[in-house]
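Data first, discussion second: the structure below is written as structure tokens.
The values are calculated or read from the model by the stated rules, or taken from the named source; none is laboratory data. Everything numeric in this text was worked out from a predicted model, so none of it was measured. Glycine also receives a Cβ, built like all others from the backbone with ideal geometry; neighbour counts cover every protein chain displayed. Accessible surface is based on the protein model in full, side chains and every heavy atom, while ligands, DNA and RNA are left aside. Shrake-Rupley method; radii C 1.70, N 1.55, O 1.52, S 1.80 Å.
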Amino acid sequence: MAKVLIAEPLADAGVELLRTAHEVDARSSMTREELLAAVTGADALVVRSATRVDAEVLEAGRHLKVVGRAGIGLDNVDVAAATRLGIMVVNAPQSNVISAAEHTVALILAQARNIPQAHFALRDGRWERGRFQGTELYGKTLGILGLGRVGALVAQRCNAFGMRLLAYDPFVSRERAANMGVELASLTEVLARADVVTVHLPKTPETTGLIGEAELYAMKRGARLVNTARGGIVDEAALAKAVGDGQLAGAALDTFAEEPATASPLFELDSVVVTPHLGASTAEAQDKAGVTIAEQLLLALSGQFVPNAVNVQAGPVPDALRPFLPLVEKLGQLYVALAGGGPGGRTSGMGGGRLQIDYLGALVEQDTRILTLAALKGMLGPVCHEPVTYVNAPLLAAERGIEVTESKTRHSRDWVNLIALSGEGSRGPVGVAGTTVGPRDHERLVAINGIAVDMAPTSHMAFLFYEDRPGVIGRVGTLLGESGVNIASMQVGRRKQGGEALMALTVDAGIPAGVLDRVEREIGAHEATFVQLTQMGAGA
């Protein structure tokens, strides 16, 4: 029997299911010191959202085989550290989608009809009918940022109110959106047209601060904003300013950049409705989360395949393929960015389409299906609200109209092994290719949109496409240097002399959008993309 430590309250059904096979130590709460002491003898650890499972906790759990998060998010679990230590991380990604969607609709209604404010006024002995006049949802336009599981359920429910549905999601096909009665549009258009904007995007480096002051003031005056996704996607200080000066009629939030949140300028505004991260706080969601996480732990502890493992590379993967998993996830992320599909991109993204994956060389003797799943996971992670796993990635891709085809060729002209992703992005044909080299399997990018390069993928990268001519390299270096951006490495390639050229840069930190726009203008580039790769295996 394995030892399972449950650090926070878990549904009784889940606890009892674990007790059928293992020794369970179930606590209602634990101090940091108690957690570090108790985890040393545990084979499995179960948490919800309050317990921080960082590298220190994982290293203290010398016998840990699996960590279970009884819910959808993984913000409080260091998945990269767990992967490095060979500890599987699992979650319950579908347990709270209905509860989250219903809570979103509840917040929309509560804000539109001033329900909390009227409730407290009446409880305080004040009958103020005139003060709390609201607005109907019927005939209004709902702008949905992220049309994943929760976003789709919100659309379905708000359609019943007679709302017009508009959505931004670069990976949903227009056909699928039309079947839901939803019109797809760019982020800019959704913000400009919607009467109510509701956020259902994942929190990634690209979406953090996505809705800032500029975006809030680009919204229709008198519109409303709702965020039940993740704190930090919306700039809370900018939102308070926009509501306070009347740009927005109000807002409703269930999540905050820092939690628990007990003070905020938003809390001082009468037209703002707030709740303490209650999206998953229903009896039904907690029961589903508890049972789901118990089932995943039972599979993990018995050495079986675990459907909701977010870092399958910590489990049984053939040695010949293991080095390629993080590489292929990175290729997927690069493909999304170059295709114009990242959140906040200047285009409407891919909107479905065909993804071609070519495997060349010795690795074709292996079952490469797990690499295809890794590519989809890398592609969909930045654009899906729910965590993307190796199991749900094909379903999420199908829902977004993405058709995947593969080819295998034993002969590889230049590399022992090569993996290439290609397709049609919103800007035209797009492709990325990579391999691993040397005894330590160092990752290399070897082609971008058909132009040869040879560079290691890093956290911060930029790609500039322009017409080949003298002086461009120096000008780019000067512009970035003047803006305090330090170039770590640079690769330049071209199709032919005087033809299309590519400058691929790795930099020490991010490049502000305005700086990249200036570089693009001054060198006459026809495409400029900054990419911030997330840690592999970190879920969504």
* For region 172-231, how many residues are assigned to a loop (DSSP other than H, G, I, E, B), farther than 25 Å from P276 by Cα and among the polar types (S, T, N, Q)? -> 2
* Here are I98, I72: which of them is among the β-branched types (V, I, T), buried (at least 24 other Cβ atoms within 10 Å of the Cβ) and not in a strand (DSSP E or B)? -> I72
* Asked: What do you reckon, is G86 touching a helix residue (DSSP H, G or I) at 6+ places or on another chain (Cβ under 6 Å), assigned to a loop (DSSP other than H, G, I, E, B) and open to solvent by 30 Å² or more (accessible area, probe 1.4 Å)?
  -> yes
* Within region 170-185, is even one residue touching a Phe, Trp or Tyr at 6+ places or on another chain (Cβ under 8 Å) and touching a residue at least 12 places away in the same chain (Cβ under 8 Å)? -> yes
* **Count of residues meeting criterion [of a type outside the set (G, A, S) and open to solvent by less than 10 Å² (accessible area, probe 1.4 Å)] in region 432-452** => 5
* Asked: In region 4-28, what residues are outside any loop (DSSP other than H, G, I, E, B) and farther than 17 Å from A283 by Cα?
  -> V4, L5, I6, L17, L18, R19, E23, V24, D25, A26
* Asked: On the given criteria, is A263 without any contact (Cβ under 8 Å) to a residue 60 or more places away in the chain and part of a loop (DSSP other than H, G, I, E, B)?
  -> yes
* Structure fact -> Selection from region 106-122 of residues assigned to a helix (DSSP H, G or I) and over 28 Å from the mean Cα position of the chain (by Cα) yields A112, I115, P116, Q117, A118, H119, F120, A121, L122
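Condition check ((1) within 16 Å of V432 (Cα to Cα); (2) in contact with a helix residue (DSSP H, G or I) (Cβ under 7 Å, 6 or more places away or on another chain); (3) open to solvent by less than 10 Å² (accessible area, probe 1.4 Å); (4) at pLDDT below 80) across all residues:
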{"residue": "M350", "(1), (2), (3), (4)": "yes, no, no, yes"}
{"residue": "R354", "(1), (2), (3), (4)": "yes, no, no, no"}
{"residue": "D358", "(1), (2), (3), (4)": "yes, no, no, no"}
{"residue": "G361", "(1), (2), (3), (4)": "no, no, yes, no"}
{"residue": "Q366", "(1), (2), (3), (4)": "no, no, no, no"}
{"residue": "R369", "(1), (2), (3), (4)": "no, no, no, no"}
{"residue": "M379", "(1), (2), (3), (4)": "yes, yes, yes, no"}
{"residue": "C384", "(1), (2), (3), (4)": "no, yes, yes, yes"}
* Structure fact -> How many residues of region 243-296 are touching a Phe, Trp or Tyr at 6+ places or on another chain (Cβ under 7 Å) and either open to solvent by 40 Å² or more (accessible area, probe 1.4 Å) or among the basic types (K, R) (or both)? The answer is 1
* Right, R322: open to solvent by 40 Å² or more (accessible area, probe 1.4 Å), touching a Gly at 6+ places or on another chain (Cβ under 6 Å) and either at pLDDT 80 or above or within 25 Å of Q532 (Cβ to Cβ) (or both) or not? -> no
* Return the pairs, sorted by first residue and then second, in which the second residue is open to solvent by 40 Å² or more (accessible area, probe 1.4 Å), the first residue lies in region 507-530 and is assigned to a helix (DSSP H, G or I), the beta carbons are less than 7 Å apart, and the residues are 6+ apart or on different chains. => V515/S483; L516/F530; E522/R475; I523/R475
* One residue from V432, V437 being touching a residue at least 60 places away in the same chain (Cβ under 8 Å) and of a type in the set (V, I, T) -> V432
